[in-house]
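The structure appears below as structure tokens.
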Amino acid sequence: MISVKKVNNRPLNLLERIYVWEIARGLLVTMRHFFVNLVNPKGLPTIQYPEQPIPLPGNARLRTRHRLKMRADGAPKCVACFLCQTACPALCIHIEAAEHPENLVEKYPAVFNIDLARCVMCGMCVEACPEDAIAMDTGEIPGGAVVREELLMTKENLLRNLPGEPSLVGAANRLANEYLRGKE
Amino acid sequence: MPNLTIDGRSVEVPAGTTLLEAAQRLGIYIPRYCYHPKLSVSGSCRMCLVEVEKAPKLVTACSTEAAEGMRVLTASEKVRQARRDVLEYLLINHPLDCPICDQAGECGLQDYYMDYSLRKSRFEAEDKILRQKRRAAGPYLMLDNERCILCTRCVRFCGEVTKTAELEVMERGDRSFIDLKEGRALDNGYSLNIADLCPVGAFTSRDFRFKARAWFLKRTPTICLGCATGCEIEAHHYEGTIYRLVPHPNAETNTWLCDHGRMTYKAVRAGDRLGKALIRKGLIDLEPALRETATRLEEAKGAAAVLGSPWLSVEDNAALARLAKDSVKTANYCFDFSAEQGIKDGILVNKDPAPNTAGTRTVKALYGGLSLEEFTGLLAGGKIKILITEAKAYGLVKAAAEAAGIRLIIFARNRGEAPAAAYAVLPYASYFETEGTFVNYQGLRRMTAAAVEPPQGIKPLWAVVNKLASYSGAELHLDSAPRALKDMDF
Ligand code: SF4
Ligand code: SF4
Ligand code: FES
């Protein structure tokens, strides 16, 4: 059974029914904001996203634009194990694995695409990665593209190390490290 | 017939049955690595340890024969502890490189670790004995000694099934490793079975290497059309692409699969796969090509001939027979194929390379037609102007047709199959993309299954024939594959 609740609205009084006064009252509020902001634009809460970046708190749980970490020789740390692709609920990761001719790592991603237009920024890929090769710690919020192609991240623009990043062997999520260090 | 009790349930088994097989009869699974139902017992991995009452220590279930009154425990604390220990032992020197290992997802070590162990190793990574990493061990196999658990299934397979004995265990103790004998390579025609047999990622397929992760693959049971043996197989595919074929073991024909059969999936996505028809080597849509073909058939009225094919399913042959009889209205057709059949190499490969020679007989029984000899004579006689057939079957009458300069309408899936002289080449769906009935050399009737979608616009052969007939002005009403089998004595 659906229970029905009856609402008795207060009947409108005469002034409200005439309507004109209420309109003017509403416009007054809008105008007040308009002039206050015109005189004092510093107080505006609006920012010009995406041209104007927002400073983000350095939080370990922050999930921003992905990157693929690099080894000392510039090769991707990723070994194309497909675990991130498996974990991704939005099916936005596309990997094509290939055999490295000399490298003992054997397997590497010849193609590694993330379609940010589909990504839900859940961070599951980072969780899944057994090599700690993918991270979402760039501090950039993706979005605001004019054409969809701009939202397709390829291996070339995913591969980067953060400035001053230490040797990557065994490095965990940098922000997570900072967060943990702060706890000590 | 000894009577024994396993986990409190009694079972009677024929003398000589091992404990592992006796447990299997009760539906009790005992983990194993070296045991394989079709290979000799080796008892080397110790994964199958079970407790037998009054026995001084645990025994290996795969090599202990059942005896009267035995009381076996397969899940006691002692057994579980033993399994954990065996796994820890097998993993001591294992490289744990699952992220780059193709076996991941179907690996015996991963599965049993999750089922029976979940324990941290007490051995340091630095102490691991390093062995040789990947190397090619033949045209189809990659060998990684570090991942090997020395179950010797591969060695026994080469010794007992192919009898080629390419492999051997070298050295002793923790230095042992599997190696090829001096100057040998694993090219015995059945080598990819080793990749299936290997419970870990030591032997993996070079063809499948890094192409797809095992857990993405969907499995469709179907049959192999590599020869008249007609092995049951599984096509493993993902997002419309077949990645590999593996055997589907069955009592009638096969436990294994030959390397040639495993590669037959490649034609499906080969670069020369026809997505359109060809008229005089020029690509053209199917519809206009069929109209063109129908016109040519019209011209040749009475001088057309149709040849079936032992490479086509019963349905498609029946459709061709209907085309000849009811649409082209000719008696010049032939569904008479015979070939010496039987296993050629004592394992699987058949003397008859065509998968459906036996199946064409049922078509002949219903529709009659000329014998292949008469048909070839007819072609050579010069009375025939146009011939409709399938690319491989054309090979059987090639000499006669060429000499008489007959116009060829050829059904083909790949450009490479079709003879260069063909007037029209009509594409059709491969049997990985559509159902078809095939009769193997034992007379077993088996169906292929559609594992993947055909390329856009490509239809099964019977449907193409149906269209062709309607362009020729005679409806055959073949609107489904079973429809083509109508009236057939099956
Ligand atoms: S953040 Fe989530 S949705 Fe985006 S790529 Fe990673 S797993 Fe996929
Ligand atoms: S999970 Fe990590 S190593 Fe595996 S494919 Fe993704 S980024 Fe590469
Ligand atoms: S399965 Fe029994 S010892 Fe390997």
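Points worth noting:
- If the condition is being over 18 Å from B:Asp285 (Cβ atoms) and of a type outside the set (Ser, Thr, Tyr), then segment B:415-430 contributes B:Gly416, B:Glu417, B:Pro419, B:Ala420, B:Ala421.
- Filter pass, B:Glu106 being touching a helix residue (DSSP H, G or I) at 6+ places or on another chain (Cβ under 6 Å) and under 24 Å from B:Phe157 (Cβ atoms): yes
- Every pair of residues 6+ apart whose Cβ atoms lie under 9 Å, when the first sits in segment A:130-150 and is within 13 Å of ligand 1 (Cβ to nearest atom) while the second is aliphatic (A, V, I, L, M) and part of a strand (DSSP E or B): A:Ala133/A:Leu68; A:Ile134/A:Leu68; A:Ile134/A:Ile93; A:Ile134/A:Ile114; A:Ala135/A:Leu68; A:Pro142/A:Met153
- Checklist (1) within 16 Å of ligand 3 (Cβ to nearest atom); (2) more than 30 Å from B:Arg175 (Cβ to Cβ); (3) not hydrophobic (A, V, I, L, M, F, W, C) applied to B:Glu68, failing item: (1)
- Any pair with Cβ under 8 angstrom, 6 or more apart, that starts in segment B:141-170 at a residue that is among the hydroxyl-bearing types (Ser, Thr, Tyr) and ends at one that is assigned to a helix (DSSP H, G or I): B:Thr164/B:Cys158
- Among the residues making up segment B:194-228, those that are closer than 16 Å to B:His248 by Cα and polar (S, T, N, Q) are B:Thr220, B:Thr222.
- Enumeration of residues in segment B:22-45 that are surrounded by fewer than 18 Cβ atoms within 10 Å (Cβ to Cβ) and near ligand 3 (Cβ under 9 Å from one of its atoms): B:Val41, B:Gly43
- Conditions (1) surrounded by fewer than 16 Cβ atoms within 10 Å (Cβ to Cβ); (2) on the phi < 0 side of the Ramachandran plot; number of the one not met by B:Gln110: (1)
- Of all residues assigned to segment B:286-301, at least one qualifies as being within 34 Å of the chain's Cα centre (by Cα) and exposed (fewer than 15 other Cβ atoms within 10 Å of the Cβ).
- Members of segment A:70-111 found to be away from ligand 1 (no atom under 11 Å from the Cβ) and either within 20 Å of A:Ile141 (Cβ to Cβ) or outside any loop (DSSP other than H, G, I, E, B) (or both), listed by number: A:Met70, A:Pro76, A:Ile95, A:Glu96, A:Ala97, A:Ala98, A:Glu99, A:Lys107, A:Tyr108, A:Pro109, A:Ala110, A:Val111
- Number of positions in segment B:212-244 that are more than 14 Å from chain A (Cβ to nearest Cβ) and either more than 14 Å from B:Pro355 (Cβ to Cβ) or in a loop (DSSP other than H, G, I, E, B) (or both): 19
- Search result, residues across segment B:221-248 that are touching a residue at least 40 places away in the same chain (Cβ under 8 Å) and surrounded by fewer than 18 Cβ atoms within 10 Å (Cβ to Cβ): B:Pro221, B:Gly240, B:Thr241
- When B:Leu87 is tested against (1) of a type outside the set (D, E, K, R); (2) farther than 27 Å from B:Phe177 by Cβ; (3) within 16 Å of ligand 3 (Cβ to nearest atom); (4) out of contact with any Pro (no Cβ under 6 Å at 6 or more places or on another chain), exactly one condition is not met: (2).
- Residues in segment B:67-125 that are more than 38 Å from the chain's Cα centre (by Cα) and outside any loop (DSSP other than H, G, I, E, B) were compared, and the one that is farthest from the other protein chains (Cβ to nearest Cβ) is B:Arg71.
- Count of residues meeting criterion [within 12 Å of chain A (Cβ to nearest Cβ) and closer than 22 Å to B:Tyr431 by Cα] in segment B:198-211: 1
Only the coordinates and a few stated rules stand behind these numbers; no lab work does. Keep in mind it's a predicted model, so treat the numbers as computed, not measured. So basically every Cβ, Gly included, is an ideal-geometry build from the backbone, and we count neighbours across all protein chains shown.
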